Amino acid sequence: MDTQERLRRLPKVDDLLRHSRVLEMLEDHPRPLVLEVLRESLDLTRKRLIADERASYDEATLLAEAETRLALKSLPSLRRVINATGIIVHTNLGRSILSKKAVAAVTEVAGSYSTLEYDTASGERGSRHVHCEELLCRLTGAEAAMAVNNNAGAVMIALAAFARGKEAVVSRGQLVEIGGSFRIPDIMRESGATMVEVGTTNKTHLRDYENAITERTGLILKVHSSNFRVVGFTQEVGLSELVELGARHGVVVFEDLGSGVIIDLRRYGLPYEPTVAESVATGAGLVSCSGDKLLGGPQAGILVGSAEIIQRLKKHPMARALRLDKMTLAALEATLRTYIDTEAALAEIPTLRMLVMPPAEVAERAAALASRIAEECGNGVETDTAGDVSRAGGGSLPLADIPTTVARVKPRSFSVTELERRLRLGEPPIVARIKDERLLIDPRTLCAGEDAEVVSRVASVLSNEA
């Protein structure tokens, strides 16, 4: 049979629409989407027939292709993932998980009208800044506060407000690159500020800043190395010294803290990170940080400082372009409100809970995971537990090796790489690490109920292979 004859045997879309399997598709999916996958499957079959003279039309194969395509097209692009990597603030997986209170707050304002910019006491228009400002001031000791869309936006608006057409002085050792290849020099350039670099990569002295200050200086910028450390023969100028220098010359001192620590984490065995309150108490006129890193809230850029400085930022034209929407504000307010009680914050904010999870609890969960996978899979798998290291992630606590215990899985019938791939391509995707020819599952970053899901999925993958 020649190619044209084989092509003529292909059914028309209208004929396929009457097939029982397609009628089942139409019960659960929109007709336009079903038509799209049928046409794509027919086109793929047509190309196969043209490319391979031995190929023939098979109805079951075509319909299976259509069902697979329909399932993939029906999935949202942005969807839930199970994070088994042990990286807590995983940038690629959405950074911090919101607390239950934050999720509830988002749901409430998203599904109804709200007091976003309405003052119920006066019955007049209000400001969206009020929802988080009082809480931020209470938690940090600042006179005033505001929040924008992310910390890069916070740095941008601060530079634009105080250094556009002027100079911003910054140490060479602090010209950092943050996620997505965004760099401090690029943000400075776009803000309209002229960057004045002082010192060297490893050493900057107070005199370097003093020599750089002129009548054109609009801002002294200090960038905390939250995502890296320079060690060895180093020196940097402390914030208190910069505050004194700025006061003598009438120049605003702005510290970008990056990760945003509200609670001193040293008491839980983690390395020191300056808290926002410490920077405010030291006298920085303006301090910024992220809302979705160590703070454990939604993506946001938090700005706290003197009332005069914050008021100027609120009135800046960029403030409207960078402002937060109602859902982010609701999540941020709920997260900040939880911080009023430190113990509640540690228990209820997932990022903090994962960071301070006791090693014994992690080890117990890892042992249970390994045991249950072995029970479900029998001889199809080797399992055990081992000590390993979790990471804070998100460019935070770069030197922190957080002790953990992982469940290790090694399939007998196929490679560990294939196991990782199948778990990653399933629903929901399970993202894990491979080390020493074993799949590592770190329970530190598994949410409530996900331990059982992981066991079930691993067992399903292995049983399907048997």
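Among the candidates Leu219, Leu245, single out the residue that is in a strand (DSSP E or B) and either more than 18 Å from Ala392 (Cβ to Cβ) or not basic (Lys, Arg) (or both). I'd like the intermediate steps shown before the answer.
Numbers: Leu245 fails: in a strand (DSSP E or B).
Matching residue, one of Leu219, Leu245: Leu219.
Given the options Val237, Val253, name the one that is in contact with a Leu (Cβ under 6 Å, 6 or more places away or on another chain) and crowded, with 24+ Cβ neighbours inside 10 Å.
Numbers: Val237 fails: crowded, with 24+ Cβ neighbours inside 10 Å.
Only one candidate qualifies: Val253.
Quick one: in segment 381-434, of everything that is among the aliphatic types (A, V, I, L, M) and within 30 Å of His224 (Cα to Cα), which residue is surrounded by the fewest Cβ atoms within 10 Å (Cβ to Cβ)? Full working, then the answer.
Within segment 381-434, the first condition is being among the aliphatic types (A, V, I, L, M), and the residues that meet it are 381, 386, 389, 392, 397, 399-400, 402, 406-407, 409, 416, 419, 423, 425, 430-432, 434.
Still in the list and also within 30 Å of His224 (Cα to Cα): 389, 392, 397, 399-400, 402.
Details: Val389: 12, Ala392: 25, Leu397: 25, Leu399: 9, Ala400: 16, Ile402: 22.
My answer is Leu399.
Residues to consider are Gly305, Gly283, Gly297; find the one that is modelled with pLDDT of 95 or more, farther than 29 Å from Met357 by Cα and either aromatic (Phe, Trp, Tyr) or within 29 Å of the chain's Cα centre (by Cα) (or both). Before the answer, list the steps.
Values: Gly283 fails: either aromatic (Phe, Trp, Tyr) or within 29 Å of the chain's Cα centre (by Cα) (or both); Gly297 fails: farther than 29 Å from Met357 by Cα.
Residue meeting the stated conditions: Gly305.
Is there any pair linking a residue in segment 10-37 that is more than 15 Å from Asp58 (Cα to Cα) to one that is small (Gly, Ala, Ser) and in a helix (DSSP H, G or I), with Cβ under 6 Å and at least six apart or on different chains, and which?
Pairs found: Val37/Ala66.
Among the strands (runs of 3 or more DSSP E) confined wholly to segment 137-200, which include 3 or more residues that are surrounded by fewer than 22 Cβ atoms within 10 Å (Cβ to Cβ), touching a strand residue (DSSP E or B) at 6+ places or on another chain (Cβ under 8 Å) and not small (Gly, Ala, Ser)? Give the steps one after another, and end with the answer.
Numbers: elements: 144-148, 167-171, 194-198.
Those strands (runs of 3 or more DSSP E) span 194-198.
Of Leu7, Leu38, which residue is surrounded by fewer than 17 Cβ atoms within 10 Å (Cβ to Cβ), outside the structural domain of Gly449 (by TED's automatic domain parsing), out of contact with any strand residue (DSSP E or B) (no Cβ under 7 Å at 6 or more places or on another chain) and not β-branched (Val, Ile, Thr)?
On the way: Leu38 fails: surrounded by fewer than 17 Cβ atoms within 10 Å (Cβ to Cβ).
Just one listed residue meets the conditions, Leu7.
Would a scan of segment 376-386 turn up a residue that is within 22 Å of the chain's Cα centre (by Cα) and not charged (D, E, K, R)?
no
Can you pull out every residue in segment 45-100 that is under 27 Å from the mean Cα position of the chain (by Cα), small (Gly, Ala, Ser), more than 24 Å from Thr328 (Cα to Cα) and surrounded by 19 or more Cβ atoms within 10 Å (Cβ to Cβ)?
Across segment 45-100, the qualifying residues are Ala84, Gly86.
Looking only at segment 328-367, count every residue that is crowded, with 17+ Cβ neighbours inside 10 Å and part of a helix (DSSP H, G or I) and tell me the total. Spell out the reasoning first.
Narrowing segment 328-367 to residues crowded, with 17+ Cβ neighbours inside 10 Å: 328-339, 345-346, 348-355, 357, 362-363, 365-366.
From what's left, part of a helix (DSSP H, G or I): 328-338, 345-346, 348, 350-355, 362-363, 365-366.
Going through segment 328-367 one residue at a time, the tally reaches 24.
I need a count of the residues in segment 298-310 that are over 11 Å from Ala145 (Cβ atoms) and either in a helix (DSSP H, G or I) or without any contact (Cβ under 8 Å) to a residue 24 or more places away in the chain (or both). I'd like the intermediate steps shown before the answer.
Kept after step one, since they are over 11 Å from Ala145 (Cβ atoms), are these residues of segment 298-310: 298-301, 308.
Imposing the further condition that a residue be either in a helix (DSSP H, G or I) or without any contact (Cβ under 8 Å) to a residue 24 or more places away in the chain (or both) reduces the set to 308.
So the count comes out to 1.
Can you find a residue in segment 260-270 that is under 24 Å from the mean Cα position of the chain (by Cα), aromatic (Phe, Trp, Tyr), in a loop (DSSP other than H, G, I, E, B) and surrounded by fewer than 22 Cβ atoms within 10 Å (Cβ to Cβ)? Give the derivation first.
Kept after step one, since they are under 24 Å from the mean Cα position of the chain (by Cα), are these residues of segment 260-270: 260-266, 268-270.
Remaining after also requiring aromatic (Phe, Trp, Tyr): 268.
Applying the additional criterion that residues be in a loop (DSSP other than H, G, I, E, B) yields none.
The answer is no, given that none of the residues of segment 260-270 is under 24 Å from the mean Cα position of the chain (by Cα), aromatic (Phe, Trp, Tyr), in a loop (DSSP other than H, G, I, E, B) and surrounded by fewer than 22 Cβ atoms within 10 Å (Cβ to Cβ).
Which of the residues spanning segment 405-433 are assigned to a strand (DSSP E or B) and within 22 Å of the chain's Cα centre (by Cα)? Don't jump to the end; show me each part of the working.
Just the residues of segment 405-433 that are assigned to a strand (DSSP E or B), to begin with: 405-411, 430-431, 433.
The answer is Ile430, Val431, Arg433.
Scan segment 122-133 and tell me whether some residue there is modelled with pLDDT of 95 or more, among the acidic types (Asp, Glu), surrounded by 14 or more Cβ atoms within 10 Å (Cβ to Cβ) and farther than 30 Å from Asp442 by Cβ.
Within segment 122-133 (the criterion being modelled with pLDDT of 95 or more, among the acidic types (Asp, Glu), surrounded by 14 or more Cβ atoms within 10 Å (Cβ to Cβ) and farther than 30 Å from Asp442 by Cβ), the answer is yes, since at least one residue qualifies.
The values are calculated or read from the model by the stated rules, or taken from the named source; none is laboratory data. These numbers were taken from a predicted model, which means no experiment stands behind them. Neighbour counts are summed over all protein chains in view; Cβ atoms, including those assigned to glycine, are modelled from backbone coordinates with ideal geometry.
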